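Heads up, the thing below is written out as structure tokens.
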Amino acid sequence: MYIALDDTDSKDGMCTTFLATELIKEFHEYKLLSYPKLVRLNPNIPWKTRGNGAVVIEIGKGLEKKEVVGSIDEDIGIWSGDPDIKGRILERSKKIIKKWAEMEKEGTDPGLIVGNVRPPRKLYEKGVSELLDLKYVKSIINELDLDNWYAGNGRGLIGAASALAWIPEDHTYELIAYRDPTLWGKERLIDNEEVKTLDAATEKTFDTYDHAEKKQAVAPNSPCPVLYGIRGEQTSELHLALDTIKNEKPNRWLTFLTNQGTDDHIKNLSIQGLEPYLSAHIIGVVSSPPYVIPGGHVFFEVSEDDSKVTAAAYEPTKGFRDTIKKLVVGDKIELWGGIREKPITLNIEKMKVNGLENIFVKKGNPVCPHCGKSMSSMGKDAGYRCKRCRSKADEEEARVEILDRDIKEGWYEVPVVARRHLSKPLKRIL
Ligand code: ATP
């Protein structure tokens, strides 16, 4: 039996992943039959609270414990299941949401789905990369006869259904540690050095420590129940965090299977095909010099045939902007990023430089082929003449050299502190 939920938090608190731990507690007579899932959906939708994440758990009668994946008062394992499960799961899940969700806050519109079947993967593909219509999602929920409940405008059903439809093609894990409720809202005392140690000790973790900014990236800034989250490809490495990050002992922890760091949100598109709220991978040529606007945001134009779009590296992308400033007209690049609506702008997450344009600088006047002497200019754009034998040379015949470019072909990405949850880090690509 699957339980999927979304939209339970507000900017002031709570976290949908925490409700997963409460649901596991509530259904203590059942067992987890697979990893709890944390599914990130379209990062460009305007009504998300933070990271547009929804969660799914699968519970049932357990036959045999396979693996420990968390601790919520006691070890939480994954079990092989007994398919014969009944019970008033929807009612009880509803109670948990009502108890914990920030229901009275504007923009919190929880959605809950309980069922034995899952929507087709296509729904996930749309949910992670497009704007979904609630009516359409409800029609799928009804077609599959999935038990559901929602509050507010019901938008939470979109995330819950899309997350339930996620059958991973690529996946990563996140171990999330939660704070004791008495500490919620209080400052987190995460030691930078401990996170750095964890980062160095683990091969397959990512987005943990920002070496350029010298900042840990595991603790959220919001007053939510999360103490820290460690992302990676191997669950055994993630467990190291529990012994390495010591200043505050977590009250509970749970490892999620997630679509973070997969680029699942990205579609390969032509520049002409770009639309607001999508995320795209485009191939083009730099067609305007980069320029900086007040606030430190850097923009430039990129073109493909007759179409062009403005690409942006905003201030939070820090040192990445310095790389962008080194681009010149003619450079061949690929970009990955989300599309902002007005004006249509591609917010860069990653870049691959495929070809650098040569920049020629004049080194000197041409040398006369007859006399071997440097020729003299005849005025602006008027060419050159040899003073001795009167031979002439065109403007283009001046001696030039190719300037060393301060940027190399290859991959570039925004720093960890500016990384989107879904963005595939270069660490997972190269
Ligand atoms: P957190 O990550 O902290 O859980 P959040 O950023 O996930 O918070 P929510 O409060 O869940 O934000 O709000 C996102 C809302 O957008 C939810 O109601 C979700 O159902 C809905 N939603 C998610 N994906 C889409 C989509 N592709 N199209 C339309 N609505 C979506």
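Whether any residue in the stretch 350-365 is open to solvent by less than 50 Å² (accessible area, probe 1.4 Å), aromatic (Phe, Trp, Tyr) and not in a loop (DSSP other than H, G, I, E, B) is what I want to check.
no
For the stretch 222-274, which strands (runs of 3 or more DSSP E) that fit wholly inside it have 3 or more residues that are under 27 Å from Asp9 (Cα atoms)?
Of the strands (runs of 3 or more DSSP E) lying wholly inside the stretch 222-274, those with at least 3 residues that are under 27 Å from Asp9 (Cα atoms) span 226-232, 252-258.
Among the residues that make up the stretch 190-197, is at least one of them closer than 26 Å to Trp100 by Cβ, within 12 Å of the ligand (Cβ to nearest atom) and not in a helix (DSSP H, G or I)?
Within the stretch 190-197 (the criterion being closer than 26 Å to Trp100 by Cβ, within 12 Å of the ligand (Cβ to nearest atom) and not in a helix (DSSP H, G or I)), the answer is no, since none of the residues qualifies.
So, in the stretch 167-184, of the ones that are under 25 Å from the mean Cα position of the chain (by Cα) and closer than 17 Å to Thr16 by Cα, which residue ends up most open to solvent (accessible area, probe 1.4 Å)?
Ranking the qualifying residues of the stretch 167-184, first place goes to Tyr173.
Here is a yes/no grid of residues against (1) open to solvent by less than 30 Å² (accessible area, probe 1.4 Å); (2) away from the ligand (no atom under 16 Å from the Cβ):
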residue: Pro220; (1), (2): no, no
residue: Cys224; (1), (2): yes, no
residue: Lys246; (1), (2): no, yes
residue: Gly261; (1), (2): yes, no
residue: Glu275; (1), (2): no, no
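For a quick check of your reading of the model, give me the residue pairs whose first member lies in the stretch 354-381 and is free of Cβ contacts under 8 Å to residues at least 12 places away in the same chain, whose second is open to solvent by 70 Å² or more (accessible area, probe 1.4 Å) and not in a strand (DSSP E or B), with beta-carbon atoms closer than 6 Å and at least 6 apart or on different chains.
Ser376/Lys387
Starting from the stretch 162-174, keep only residues that are assigned to a strand (DSSP E or B), then list their pairs with residues that are at pLDDT 95 or above and open to solvent by 40 Å² or more (accessible area, probe 1.4 Å) whose Cβ atoms are within a distance under 9 Å, requiring at least 6 positions of separation or different chains.
Pairs that qualify, where the first residue is assigned to a strand (DSSP E or B) and the partner is at pLDDT 95 or above and open to solvent by 40 Å² or more (accessible area, probe 1.4 Å), are Thr172/Lys204; Thr172/Glu233; Thr172/Arg428; Tyr173/Glu233; Tyr173/Gln234.
Does the stretch 2-17 include one or more residues that are open to solvent by 30 Å² or more (accessible area, probe 1.4 Å), outside any helix (DSSP H, G or I), farther than 20 Å from Ile113 by Cβ and more than 16 Å from the ligand (Cβ to nearest atom)?
For the stretch 2-17, residues open to solvent by 30 Å² or more (accessible area, probe 1.4 Å), outside any helix (DSSP H, G or I), farther than 20 Å from Ile113 by Cβ and more than 16 Å from the ligand (Cβ to nearest atom): absent.
Take Ser71 and decide whether it is outside any strand (DSSP E or B), away from the ligand (no atom under 16 Å from the Cβ) and touching a residue at least 12 places away in the same chain (Cβ under 8 Å).
In short, no.
Could you give every pair whose Cβ atoms fall below 8 Å, whose first residue belongs to the stretch 222-243 and is without any contact (Cβ under 8 Å) to a residue 12 or more places away in the chain, and whose second residue is open to solvent by 10 Å² or more (accessible area, probe 1.4 Å), counting only separations of at least 6 or pairs across chains?
If the second residue must be open to solvent by 10 Å² or more (accessible area, probe 1.4 Å), no pairs are left.
I'd like to check something: does the stretch 41-57 contain any residue that is surrounded by fewer than 24 Cβ atoms within 10 Å (Cβ to Cβ) and away from the ligand (no atom under 11 Å from the Cβ)?
Scanning the stretch 41-57, I find no residue that is surrounded by fewer than 24 Cβ atoms within 10 Å (Cβ to Cβ) and away from the ligand (no atom under 11 Å from the Cβ), so the answer is no.
I'm trying to understand the selection: among the residues of the stretch 98-151, which are in a loop (DSSP other than H, G, I, E, B), more than 10 Å from the ligand (Cβ to nearest atom) and surrounded by 14 or more Cβ atoms within 10 Å (Cβ to Cβ)?
Passing the criteria: Met103, Asn116, Arg118, Pro119, Leu144, Leu146, Ala151.
So the check is Cβ under 8 Å with 6+ separation or different chains; which pairs have a first residue in the stretch 388-411 that's under 22 Å from Cys368 (Cα atoms) and a second one that's of a type in the set (S, T, N, Q) and open to solvent by less than 100 Å² (accessible area, probe 1.4 Å)?
Matching pairs, first to second residue: Ala398/Asn365; Arg399/Asn365; Ile402/Asn358.
Could you tell me whether Glu203 is open to solvent by 50 Å² or more (accessible area, probe 1.4 Å), at negative phi, at pLDDT 95 or above and out of contact with any Phe, Trp or Tyr (no Cβ under 7 Å at 6 or more places or on another chain)?
In short, yes.
The values are calculated or read from the model by the stated rules, or taken from the named source; none is laboratory data. Quick caveat, the model's predicted, so the values are computed rather than measured. Here the Cβ is made from the backbone with ideal geometry for all residues, glycine too, and neighbour counts use every protein chain on show. To get the accessible areas, we keep the full protein, side chains included, count just its heavy atoms, and leave off ligands, DNA and RNA. Shrake-Rupley method; radii C 1.70, N 1.55, O 1.52, S 1.80 Å.
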